[in-house]
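Here's the structure we're looking at; comments come further down.
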Amino acid sequence: MTDMSLADLSARETARRVSAGEVTAEAVAAAFADRITAAEPEVQAFAFFDRERALAEAKAASAGPLAGVTFGVKDVIDTADMPTGYGSAVYEGYRPAWDAPAVALTRAFGGVVMGKTVSTEFAMSSPGKTRHPVNPAHTPGGSSSGSCAAVAAGMVQVAFGTQTAGSILRPASYCGVVGYKPSFGTLNRAGIKPLSDTLDHLGLVTRDVRDAAFAVAALAERPALAQGRTGGAPLVGLFRTSRWAQAEPATRDALARTVTAIEAAGGTVRELEVPDHFERLYALFDAVMGFETPRTLAYEHRVMGARISPITLGFIETLSRATRAEYDAALAVLRQREAIVEELLGGCDGLITPAAPGEAPRGTATGDPVFNKPWTLLHVPTLSVPAGVGPLGLPVGVQVVGRIGADAETLALGAFIEDALKAGA
């Protein structure tokens with residue numbers, strides 16, 4: 001096997017081969033370093049990459065369930081041996097004293113961190129330098145822009161992303177990769193620049209759903225997450241949401257293709273009615289993020305306000321309109337999350353719903369998380385699964401939604417849908 005072909009292996013196959021002594025972690029890292037060197041001038045997915053540092057880490061890598069698997073780490077996640085700038089010029093060059101637990105565990109389990117991937121400023125909406133891996137005139141999305149572009153361009157097998165609104169699912173849909181936001185708290189969030197303690201999720205970006213299941217099973221130390229079953233022919237709900245008017249033809253077509261593929265593979269799709277109260281979830285989301293985020297970023301706003309980007313500053317000031325009374329009322333409703341989710345699923349094994357309004361927009365604006373906010377608020381596991389391309393030739397995904405804590409089943413359903421789409425392509 002040539003070095004370059006090592007970069008085409010799945011994460012799970014890489015771990016098997018490295019663990020079996022068939023190939024070294026250093027050889028795998030070298031193949032991916034070559035990919036990064038070739039693609040980075042165009043894609044600009046990395047905030048920090050040092051080939052020699054990455055190869056030295058690979059040479060010293062531990063044995064473990066992630067042996068030799070290459071990772072990108074979003075630049076809002078702390079690393080002791082690389083700068084962590086939180087996507088902002090005001091923190092450029094900052095060096096934390098520790099690795100965030102997610103990074104420390106990646107390394108302890110044999111994974112190799114290739115570098116830091118670009119984030120929007122503070123994982124909000126002010127874009128970084130990353131370009132869309134298919135057409136650089138379009139946005140890769142955000143805030144996990146570098147992570148999604150890096151996986152799409154073949155630079156790493158797995159990348160960490162964070163999501164407070166739609167920061168994993170939307171750019172994954174735009175870039176044509178799998179974005180996985182686990183149930184809230186599945187992965188340790190310590191050592192990550194916070195925005196909203198109620199909404200912040202740590203998740204993964206991968207080439208396929210099975211790699212997402214493999215990686216989360218290792219990192220969460222829950223092997224069962226990679227062993228979910230669909231229980232035969234799944235019953236899938238088609239859920240258009242209360243904002244269906246914002247779904248562009250590319251997304252509507254992607255969902256239609258997915259329905260056809262599921263049914264051709266033996267599954268059943270039931271179109272579900274959107275309850276009148278679904279729209280209220282948007283107001284609840286706005287109340288929670290609106291109250292928590294300006295307070296979480298109080299230091300940056302008060303001390304660094306003149307130095308952070310005008311987009312970030314304006315976003316913080318817009319969020320600040322939320323009141324304590326609105327916030328408390330939202331939290332009171334959200335104590336019933338599981339009941340709300342059960343009603344929305346309507347007895348189905350999971351839902352399919354838009355992952356993004358459509359193809360990646362032209363320009364640098366990172367897109368609208370309109371179809372992600374309610375599910376982030378509800379703490380359910382969600383996946384963006386690639387579902388073809390739109391009229392511009394850019395990728396479009398569909399969002400798969402499961403029950404709170406039912407990540408194994410949701411990942412299995414995502415893999416079923418992914419296989420069905422590939423079979424029907």
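Averaged per residue, what accessible area in Å² does segment 1-128 show with a 1.4 Å probe, protein chains only?
37 Å²
Checking the a/c ratio against 1.5 first, then a/b against b/c, what shape does the Cα gyration tensor give for segment 245-362?
Oblate.
Show me the trypsin sites (Lys or Arg not before Pro) within segment 287-394 that DSSP assigns to loop and that have at most 14 other Cβ atoms within 10 Å of their Cβ.
The qualifying sites are ARG307, ARG321, ARG335.
Suppose the chain between ASP276 and GLU40 were pulled fully straight at 0.36 nm per residue; how much longer would it get relative to their current alpha carbon spacing?
80.3 nm
Let me know the number of lysine pairs in the chain closer than 24 Å at the Cα, not counting same-chain pairs under 8 apart.
16
Describe numerically, in nm with one decimal, the distance between label points set 7 Å from Cα along Cα→Cβ at THR268 and at ALA339.
2.8 nm
In terms of solvent-accessible area of protein heavy atoms at a 1.4 angstrom probe, what is the ranking of TRP244, TRP375, TRP98, highest value first?
The residues order as TRP98, TRP244, TRP375, largest area first.
Rounded to the nearest 20 debye, what is the charge dipole size of the chain about its Cα centre when +1 sits on each Lys and Arg Cβ and -1 on each Asp and Glu Cβ?
280 debye
I need the helices of the chain that pass two filters: whole DSSP H segments spanning 20 Å or more by Cα along the axis, and mean Kyte-Doolittle score no lower than -0.5.
Qualifying helices: 25-43, 249-264, 280-296, 407-424.
At a Förster distance of 35 Å, what's the computed FRET efficiency of TRP244 paired with GLU52, Cβ-Cβ distance as r, to 0.05?
Taking R0 as 35 Å, the efficiency between TRP244 and GLU52 is 0.10.
Under a GNM of the chain (C-alpha, springs under 10 Å), which listed residue has the highest mean-square fluctuation: PRO171, PRO357, PRO249?
PRO249
Is the shape of segment 71-177 best called rounded, prolate or oblate, per the rule: a/c under 1.5 gives rounded, else a/b larger than b/c gives prolate, else oblate, with a ≥ b ≥ c the square roots of the Cα gyration tensor eigenvalues?
Since a/c reaches 1.5 but b/c is at least a/b, the shape of segment 71-177 is classed as oblate.
Which of rounded, prolate, oblate describes segment 317-425, given a ≥ b ≥ c as roots of the alpha-carbon gyration tensor eigenvalues and a/c under 1.5 marking rounded, otherwise prolate only if a/b is larger than b/c?
Oblate, because a/c is 1.5 or more while a/b does not exceed b/c.
Any idea what the dipole of segment 1-44 comes to, in debye rounded to 20, about its Cα centre with Lys/Arg Cβ at +1 and Asp/Glu Cβ at -1?
That gives a dipole near 240 debye.
Lys/Arg Cβ at +1, Asp/Glu Cβ at -1, dipole of the chain taken about the Cα centre: which of THR230, VAL18, ALA261 is farthest positive-ward?
Highest projection toward the positive end goes to VAL18.
Expressed in nm to one decimal, what extension gain is obtained for the pair TYR299 and ALA80 from 0.36 nm per residue of sequence separation less their Cα-Cα distance?
Length difference between fully extended and current span is 76.6 nm.
GNM on the chain, C-alpha springs below 10 Å: top fluctuator among GLY191, GLY232, GLY176?
Largest GNM mean-square fluctuation: GLY232.
Isolated Cys in the chain by the 4.7 Å beta carbon test?
CYS348 - these cysteines have no disulfide-compatible partner (Cβ-Cβ under 4.7 Å) in the chain.
Summing -39500 (n - 2.57) over the DSSP H runs of n ≥ 4 in the chain and dividing by its residue number, what mean residue ellipticity at 222 nm do you reach, to the nearest 500 deg cm²/dmol?
After summing the helix terms and dividing by the residues of the chain, the value is -11500 deg cm²/dmol.
Under a 10 Å cutoff between Cα atoms, tell me which one of ALA30, ALA61, ALA332 has the largest fluctuation in the Gaussian network model of the chain.
It is ALA332.
For segment 87-136, which trypsin sites (Lys or Arg not before Pro) are both in a DSSP coil and crowded by at most 15 other Cβ atoms within 10 Å?
Hits after loop and neighbour filter: LYS129.
With +1 on the Cβ of every Lys and Arg and -1 on the Cβ of every Asp and Glu, and nothing else charged, how large is the dipole of segment 21-171 about its Cα centre, in debye rounded to the nearest 20?
260 debye
Evaluate the distance, in nm, between pseudo-label points positioned 7 Å from the Cα of ARG252 and of ALA60 along their respective Cα→Cβ axes.
5.6 nm
The values are calculated or read from the model by the stated rules, or taken from the named source; none is laboratory data. Everything numeric in this text was worked out from a predicted model, so none of it was measured. Here the Cβ is made from the backbone with ideal geometry for all residues, glycine too, and neighbour counts use every protein chain on show. Calculation scope for accessible area: heavy atoms of the full protein, side chains included, ligands and nucleic acids excluded. Shrake-Rupley method; radii C 1.70, N 1.55, O 1.52, S 1.80 Å.
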